[in-house]
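The values are calculated or read from the model by the stated rules, or taken from the named source; none is laboratory data. Please read all numbers here as calculations on a predicted model, not as lab measurements. Here Cβ is always computed from backbone atoms with ideal geometry, including for glycine, and neighbour counts include all displayed protein chains. All accessible areas refer to the heavy atoms of the entire protein, side chains included, with ligands and DNA or RNA removed. Shrake-Rupley method; radii C 1.70, N 1.55, O 1.52, S 1.80 Å.
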Amino acid sequence: MKHYIKTRHEKFITDFETIVNIDSSSDNKDGIERVARFFENRFKNIGLDTKILFLGEEKVPCLYAEHRPSKKPFDIMFLGHMDTVFPTGEVEKRPFSIKDNKAFGPGVCDMKGGLLVVLHVLETLKHEGILDSLSVCVAFNGDEETGSNASKEWIMSTAEKSRRTFVFEPCRPGYRFVLQRKGGGWFQVIVKGQEAHAGADPEKGINAVVELAHQIVKINQLNQNKVETTAQTTVIKGGDKVNIIPNRAEAWVDVRILKLEEKERIETFFKTLAKHPYLKGSEITIQGGINRPPMESGDATRKLWELVQSTGKKIGLPMEWISTGGCSDGNYTSAAGTPTIDGMGIVGANSHRTDEYAELGSIDNMVLLVAQVCRAIGEKG
């Protein structure tokens, strides 16, 4: 067994270098498909029925694989994404590398390391003769970093056929997993005013920037609450020349909610905002909405966590769970009513940054943990 684990670890590193060194930003469909083909071949080798789907108008490459001995619901759904936030050409600048027991490279923890945990868990279960006692499915999409617009319905419908979902976003340092995530979305506030000469005829103008500024103050008041809703104005545009009263201004607002019931309140707030301009004659238009539901940790999820936590403690891991404001596709599986544990991937940090890293020492631990949890689920039936 020790020889097998050593060989598996070495193979993991080789696989890691292979897929990290494929540029697969969300707009690079060819790169995402290359990652999908890598997994397609390996999943087929262990007997999973595997296919690559091209979803939505943009034909986003997604990979689906299943092992289903019977028609019963899947025991486990393994969920991950193949796209990264880094542009094409990033691999050439900083390819996969290892330093001080950490791996570096574009998407190394978010979340190509997590995808490999899925692969090596399933290969381990096949090697140990456990896979045939389980009904499992794998869903890897290619547009998570841009909101999963083409794949979210597919993800939710797959979750509805599954008894539980494991999401392979990175595990936080110290073996901290994610049971709760905020949902969210964005709103664009567009103000139309009236241009005028800023020096000669300012009274003839309606300053769209001033109007927008007053609306931003109102929006900021959404942060004063006890339910942890946040509304952050992150991008502002307005004005063209210093001597012209601006006739247009716009702002983008990032909104996060912890509870689903906040969705209606927030969307009503923005609709009302458009009806009450500060400056007479200005017009306000609102676009956007809450498009990703919160991932809430209900009783079934807590019960599933008890199994994951107890299994981890048996192998000496300091198991904890956290709540985070960041979203993942676990938001969708949770909204579908499926108990969901997130952060089941390789331990790492600094996602979306050039110093993103994955802890190589967590590879064997995470593969062992997830495999042992799968074994326990198979034994329970």
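What does the charge count near residue 85 come to, summing +1 for each Lys or Arg and -1 for each Asp or Glu among other residues with Cβ under 9 Å from its Cβ? My count for the surroundings of residue 85 gives -3. Put simply, the amide H of residue 244, placed in the peptide plane, has neighbours under 5 Å in 198, leaving out anything fewer than 5 places away on its chain. Across 25, 334, 97, mean-square fluctuation computed from a Gaussian network of the chain (C-alpha pairs under 10 Å connected) peaks at 97. Couplings 3J(HN,Hα) of segment 337-352, computed from phi: x, 9, x, 9, 10, 10, x, 8, x, 5, 6, x, 7, 6, 4, 6 Hz, in residue order, whole Hz [Karplus 6.51 cos²θ - 1.76 cosθ + 1.60, θ = phi - 60°; x for Gly and Pro]. Among 214, 120, 67, determine the one that fluctuates most according to a GNM of the chain built with springs between C-alpha atoms less than 10 Å apart. Comparing 214, 120, 67 in a Gaussian network model of the chain, the most mobile one is 214.
Surface analysis of segment 299-381 yields an accessible area of 39 Å² per residue, using protein heavy atoms and a 1.4 Å probe.
Lys and Arg at +1, Asp and Glu at -1: add these up for the other residues within a Cβ distance under 11 Å of residue 301 and post the number.
Counting the neighbours of residue 301, the net charge comes to -1.
Going by a ≥ b ≥ c, the root eigenvalues of the Cα gyration tensor, does segment 40-125 fall in the rounded group (a/c under 1.5), the prolate group (a/b larger than b/c) or the oblate group? Each step should come with its number before you reach the end.
Working: a/c = 2.68, a/b = 1.52, b/c = 1.77.
Taking the square roots of the gyration eigenvalues as a ≥ b ≥ c, segment 40-125 is oblate.
Backbone phi angles across segment 243-260, fed through the Karplus curve with coefficients 6.51, -1.76 and 1.60 (θ = phi - 60°), yield HN-Hα couplings of 9, 10, 4, x, 9, 8, 8, 8, 9, 10, 10, 8, 10, 10, 10, 8, 10, 4 Hz in residue order; Gly and Pro are listed as x. For the peptides 262-271, 275-284, the ranking by packing is 262-271, 275-284, with the highest mean count of neighbouring Cβ atoms within 10 Å listed first.
Computed with a 1.4 Å probe over protein heavy atoms only, the accessible area of residue 235 comes to about 60 Å². Amide hydrogen proximity for residue 178: with H placed 1.01 Å from N in the peptide plane, the residues at 5 or more positions away or on another chain lying under 5 Å are 322, 342, 343. Here the contact order of the chain, divided by its residue count and restricted to Cα pairs under 8 Å and six or more residues apart, works out to 22 percent. Summing Lys and Arg as +1 and Asp and Glu as -1 over all other residues whose Cβ lies under 12 Å from the Cβ of residue 65 gives a net charge of +1. Inter-part distance, segment 294-339 to segment 12-89, computed on C-alpha centroids, equals 23 Å.
Taking the highest mean first, how do the peptides 237-243, 40-46 order by number of other beta carbon atoms within 10 angstrom per residue?
Numbers: 237-243: 11.7, 40-46: 16.0.
The packing order, highest mean first, is 40-46, 237-243.
Scanning residues 5 or more positions from residue 171 or on other chains, those with amide H under 5 Å from its amide H are 345, 346, 347, 348, with H placed 1.01 Å from N in the peptide plane. Of all lysines in the structure, those lying under 18 Å Cα to Cα from residue 71, and not within fewer than 8 positions of it along the same chain, are 161, 380. Just the protein heavy atoms count here, and of the accessible area of segment 305-381 at 1.4 Å, carbon and sulfur take up 46 percent.
Could you tell me the calculated FRET efficiency between residue 275 and residue 7, based on Cβ-Cβ distance and R0 = 51 angstrom, to the nearest 0.05?
On the way: r = 66 Å, r/R0 = 1.29.
With R0 = 51 Å, the Cβ-Cβ based efficiency is 0.20.
Listed values for segment 159-167 are Karplus-derived 3J(HN,Hα) couplings in whole Hz (6.51 cos²θ - 1.76 cosθ + 1.60, θ = phi - 60°), namely 4, 5, 8, 10, 7, 7, 10, 10, 9, and x replaces Gly and Pro.
Largest GNM mean-square fluctuation across 251, 196, 349, computed for the chain with C-alpha springs under 10 Å, falls on 196. Which lysines have a Cα less than 17 Å from the Cα of residue 192, not counting those fewer than 8 places away in the same chain? Within the straight-line limit of under 17 Å, residue 192 reaches these lysines: 204, 237, 241, 271, 275, 280.
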